[in-house]
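Every read-out reported here was derived from the displayed coordinates using simple, explicitly stated rules and does not represent laboratory data. In this text the structure is predicted, and so the values were computed from the model without any measurement. With ideal geometry, Cβ positions are generated from the backbone for all residues, glycine too; neighbour counts draw on all protein chains shown.
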Amino acid sequence: MATDFFATDPLNAAIPASTPAVTFASGGEALLGVLHVPAGAGPHPIVVLLHGFPGNERNFDLAQALRRAGYAALVFHYRGSWGVGGSWSWRNVLDDAARVVAAVREEAVSAAYRLDPRRVAVVGHSLGGFAALMTAAADEGVGAVVSVAGFDFGTASAACRADRSVRAAYVESWDEELLPLRGTSGEALVAEMEAAGQAWSLARLAPNLADRPVLLVGTGRDMVTPAEVHHWPLVEEYQAYPVSRLDHRLLPTDHALSDHRVALARTIVDFLDRHLRTPA
């Protein structure tokens with residue numbers, strides 16, 4: 001019988017698990033992170049976890065579950081958030097995600113923490129889901145990608161252009177979330193999204209993800225990224241292209257997956273076990 005990674009902490013007295021604080025340089029700032037390293041010699045596959053806006057849910061429970069399942073899991077903060085220097089912007093989130101995903105594969109980092117640079121996955125929630133797909137599409141070294149309740153900026157940008165009341169609602173909503181962030185405003189964030197337009201449409205990433213394992217997790221009781229707007233249209237676009245290794249789930253829960261955290265962890269680990277467990 002396989003070990004239940006929710007019930008058992010794998011132990012290794014010679015090479016125990018560890019939780020080092022780590023930093024990564026991006027845009028002239030030090031990004032703060034926490035790396036969850038499994039027990040054993042490894043090398044361990046790596047999962048970079050990307051939190052959303054502003055990052056109230058940072059998915060440390062997923063990091064712990066992934067570690068128990070044998071994956072090294074990294075949680076970090078983008079520029080301008082949660083005490084990290086610099087200014088918050090959507091572009092900085094994308095640049096920081098790309099930088100960190102590249103950095104965990106560098107020899108100095110992978111050797112120090114027993115990581116396998118050939119087996120890297122990116123898992124993101126909400127804004128992080130958008131950033132995960134964008135990062136994977138631009139980086140062939142990403143072996144698998146998961147978007148959970150992902151926010152499609154291309155879709156939201158088009159909605160803002162079509163209806164000024166939708167735009168105003170985004171400005172007001174994002175203004176209310178700025179406390180842990182610095183250097184931005186709701187108006188600036190909406191303007192940046194509008195300027196990017198369809199360049200930030202997730203559907204247009206299909207050619208770059210066509211041969212990659214992709215998991216899209218939608219949320220059925222979600223007022224932030226409702227499935228009929230942000231999940232099902234993307235599933236249909238990727239199926240039509242086709243993205244041949246696409247997997248998708250719809251969980252009956254809210255945007256934070258508040259009552260489906262165990263189901264989420266099991267879904268992600270099952271997906272990664274099928275696509276990332278064996279060394280390339």
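Structure values in brief
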read-out	value
Total formal charge among the other residues, if their Cβ is under 15 angstrom from that of residue 258, Lys/Arg +1 and Asp/Glu -1	-2
Principal axes of the stretch 8-57: Cα extent on each, largest first, Å	38, 24, 16
Nearest 10 degrees, 0 to 90: helix 127-138 Cα axis against the chain principal axis	70
Distance from the stretch 117-145 to the stretch 231-280 (C-alpha centre basis), Å	13
Surrounding net charge for residue 235, when Lys and Arg each add one and Asp and Glu each subtract one, Cβ distance under 13 Å	-4
Enclosed volume per residue, in Å³, of the convex hull spanned by Cα atoms of the stretch 153-254	121
The stretch 1-136 - percent relative contact order, Cα under 8 Å, separation 6 or more	27
Along each principal axis, Cα extent of the stretch 89-194, largest first, Å	51, 25, 18
Alpha-carbon Rg with Dmax, taken over the stretch 5-162, Å	15.7, 61
Amide hydrogen neighbours beyond the local backbone of residue 36, cut-off 5 Å, H modeled	73, 74, 75
Amide hydrogen neighbours beyond the local backbone of residue 119, cut-off 5 Å, H modeled	46
Between helix 261-275 and the chain: long-axis angle, C-alpha atoms, 0 to 90°, nearest 10	70
Debye, to nearest 20: dipole size of the stretch 97-169, +1 on Lys, Arg Cβ, -1 on Asp, Glu Cβ	180
Whole-angstrom Cα spans of the chain along principal axes, big to small	61, 40, 34
Other-chain or far-sequence residues with amide H under 5 Å of residue 81's (modelled H)	none
Rg ratio (alpha-carbon, reference 2.2 N^0.38 Å) - the stretch 76-138	1.17
Relative contact order (%) - criterion: Cα under 8 Å, at least six apart; region: the stretch 190-280	31
Local electrostatic count, residue 212, Cβ distance below 11 Å [Lys/Arg +1, Asp/Glu -1]	-2
